[in-house]
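The values are calculated or read from the model by the stated rules, or taken from the named source; none is laboratory data. Everything numeric here is computed off the predicted structure, so don't read it as measured data. Every residue, glycine among them, receives a Cβ derived from its backbone with ideal geometry; neighbour counts consider all protein chains shown. SASA here: full protein model, heavy atoms, side chains in, ligands and nucleic acids out. Shrake-Rupley method; radii C 1.70, N 1.55, O 1.52, S 1.80 Å.
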Amino acid sequence: MKIGIAGTGGIGSNVALVLVRGGVRRLKLVDFDRVEAGNLNRQFFFYDQIGRTKVDALADNLKRIAPDLQLETIVLRLDEANMAATFHDCDAVVEGLDDHAAKKRLMEALAATGRPIVSASGVAGPDLDGIGTRRLGNGTIIGDFRTDADQALCFAPKVTIVAAMMAHILLEKGGYYERCQLE
Amino acid sequence: MIRVTINGKTESVGAGTIEQLVHDKGLRPEALVVEHNFTIVKQPQWSRIRLSEGDTLELLSFVGGG
């Protein structure tokens, strides 16, 4: 299964981490941004990677877990015009974009494909109690559905819990749990 | 008025289009995804789909952060 990661920040970098630990070996990483010091409280990057493009830094980090990974990295700001084409060859897509309008546009752009899309809504703030799951069409959305990153800071516990739940959806859909055997 | 199910709850709404429903509820279109009878409807189609008695809708307003 080839999985596209739309945005490799707090959500995308941590979803990719859990997917790779879960056995996924083909990923397409898409983000326009560079690693900043302020990202390190929750995103899967390291101090010595500040200034690098997120997709390249993430690719290096994921390959340290699984050197046999097949990765594509694209430095690109996703918009309505390039979303569908960027992920046309992916079996599933993870939405880890910042902007609420971009989240909506990605879900609409990929709705017709019928392929799974797993998205985040409400990952800011420290409160973990409201985290839930909703399903719309081919989409699964995880978060508290209310706390906007404009109103609250993002912290590692909530961001990584939501990211792990998102990765779990795809590991389950892709049959990755069944492939693991007790030794 | 017609009765439809919105986010799991039965509601009485005006017998108009999805676009009118979004407007009547005061939802921000730029953050909203609409599922109508289990299919996601893109925003440009909202004005073309009229609601019918018994329809099922899911309305999800995204908040930012990723």
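Things to note:
- Protein heavy-atom accessible area occluded, A/B pair - total, 1.4 Å probe, Å²: 2100
- Pairwise label distance in nanometres, residue A:82 with residue A:25, each label 7 Å out on the Cα-Cβ vector: 3.0
- The label point for residue A:150 and the one for residue A:40, both projected 7 Å from the Cα toward the Cβ, are 3.0 nm apart.
- Separation of the residue A:32 and residue B:11 label points, Cα + 7 Å toward Cβ, nm: 3.4
- Buried on complex formation within the stretch B:32-66 (loss of at least 30 square angstrom of accessible surface versus the isolated chain, 1.4 Å probe, ligands and nucleic acids ignored): B:33, B:35, B:40, B:42, B:58, B:60, B:62, B:63, B:64, B:65, B:66.
- Dipole of chain A, positive end: most advanced residue of A:10, A:93, A:180 [Cβ charges, Cα centre]: A:180
- FRET E, pair residue A:172, residue A:75, Förster distance 25 Å, beta-carbon r, rounded to 0.05: 0.25
- Only protein atoms count toward the accessible area here, which uses a 1.4 Å probe; on the protein assembly as shown, the carbon and sulfur part of that area reaches 49 percent.
- Panel note: the C-alpha atoms of the stretch A:2-179, placed on their principal axes, show extents of 37, 36, 34 Å (largest first).
- Considering only A:141, A:59, A:23, and ranking their Cα positions along the charge dipole of the protein assembly as shown that arises from unit charges at the beta-carbon of Lys, Arg, Asp and Glu, the one farthest toward the positive end is A:23.
- Averaged over the residues of peptide A:134-141, the number of Cβ atoms from other protein chains lying within 10 Å of each residue's Cβ is 5.
- Solvent exposure of chain B as accessible area per residue, Å², 1.4 Å probe: 52
- Over the residues of chain B, the helix contribution to mean residue ellipticity at 222 nm works out to -2500 deg cm²/dmol, using -39500 (n - 2.57) for each DSSP H run of at least 4.
- Cut-off 15 Å (backbone N to label point 7 Å along Cα→Cβ of residue A:66), residues of the stretch A:163-183: A:167-181
- Å² per residue, accessible surface of chain A at 1.4 Å: 44
- Set of lysines near residue A:104 by C-alpha distance (under 26 Å), chain-local residues within fewer than 8 positions excluded: A:2, A:28, A:54, A:158, A:173, B:9, B:25, B:42
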